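Asker: Here it is, the structure, as structure tokens.
The values are calculated or read from the model by the stated rules, or taken from the named source; none is laboratory data. Computed from a prediction, not measured in an experiment: that's the story for all the values here. So basically every Cβ, Gly included, is an ideal-geometry build from the backbone, and we count neighbours across all protein chains shown. What goes into the accessible areas is simple: the full protein's heavy atoms, side chains included, and nothing from ligands, DNA or RNA. Shrake-Rupley method; radii C 1.70, N 1.55, O 1.52, S 1.80 Å.
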Amino acid sequence: MKKFKSLSIIMIATMSMISCATEKTPNKGVYLEDASIDKYYNVEITDSLKSPMLENEGYSLHNSAKVIWPASIDGTVPTDLQREILLTAFDDSVSTTLNEALESFSKTGYGLKKEDIKKLTETDSAKANAGEIMQSVSVEMTRANDKMLVFSIFIQNNFAGAAHGMYSAWFVTYDRIGKNVVTLDKLFTDKEKLRKLLESQRRKDLKEQGIDYDDYMIDKFPISESFCIEGSNISFTYQPYDIASYAEGMQTVSLSYYDMNQAGILTSYAKKLLE
């Protein structure tokens, strides 16, 4: 079932509920839509994916999503931001609207391709004793000021028979002045220097915890594409298995403005944004 609400933020600190979408978008402020789905299906999948333990019970597909959607920002439709949220949250580069993305998402399964699904039958709840294929997405606006908005995306999924589920956190930052999505390319002049700075900071963080960085046996420390601007600092979120074990969960490496500026890796655009 899909549910829609409308939210209008005239001043970022003040949020008021509106019963239905208005035809005119505000000239200033942020106009958000609140959408959600929660669907169950009995699903028949190809024999190659079936687990012998679930041969008789079958499989249930459970898809849920709650999305705070930026319909308008400062009087304009933020097309780039909307596209980036759809791509990040639903891995959807085809849908052009939130409705389309939710409809497509509701009929897919974690780890499944369209050709893997023989038949979907919508139900009111999960089938008893069935193996569950689950995916859940949450999109929220978690930071807002005169310069930028940050949308946080949390994804959970599980495939029946797997050792454990997976989860990840992502961030999409929107520059309100430039009216564009903030990317690593816009912030940094040298990716290799950024990578080395992240590795150095990770070593310091682990040392403070009494842990030897070399115990992780990482060939080349990666740059995470999941980053969030926090004041004048930038935090990089690493998903399970990126730089640590699943049991240790997500890891965060934060870089201060001072260290990034000293390393000479900030673009002039980044300096203005972080001031």
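Asker: So between Asn42 and Ser200, what do we pick up on full extension, going 0.36 nm a residue minus the alpha carbon distance?
Answerer: Extra length available between Asn42 and Ser200 comes to 52.0 nm.
Asker: Taking a 31 Å limit on the Cα-Cα distance, which of the listed pairs Lys39/Lys186; Lys204/Lys272; Lys207/Lys272; Lys147/Lys193; Lys107/Lys196 fall beyond it?
Answerer: Too far apart for the 31 Å limit: Lys39/Lys186; Lys207/Lys272; Lys107/Lys196.
Asker: Next up: If you place +1 on the Cβ of every Lys and Arg and -1 on the Cβ of every Asp and Glu, how big does the dipole about the Cα centre of region 134-275 come out, in debye to the nearest 20?
Answerer: Value, rounded to 20: 520 debye.
Asker: Also: Let me make sure I get this right: for region 139-275, a, b and c are the square roots of the gyration tensor eigenvalues over alpha carbons, sorted descending. Under 1.5 in a/c it's rounded, otherwise prolate if a/b > b/c, else oblate. Which is it?
Answerer: oblate
Asker: Sticking with the crude label model, points 7 Å out along Cα→Cβ, report the distance from Tyr269 to Asn145 in nm, one decimal please.
Answerer: Spacing of the two 7 Å Cα→Cβ label points: 1.9 nm.
Asker: Then there's this: What figure, in Å² to the nearest 10, do you get for the accessible area of Glu122 with a 1.4 Å probe and non-protein molecules left out?
Answerer: 110 Å²
Asker: For Glu192 and Asn180, compute 0.36 nm times the residue count separating them, minus their Cα-Cα distance, and round to one decimal in nm.
Answerer: Gain in length upon complete extension: 1.9 nm.
Asker: Which one of Pro222, Asn180, Phe151 is farthest out on the positive end of the charge dipole of region 100-226, using unit charges on Cβ (Lys, Arg +1; Asp, Glu -1) and the Cα centre as origin?
Answerer: In region 100-226, that residue is Asn180.
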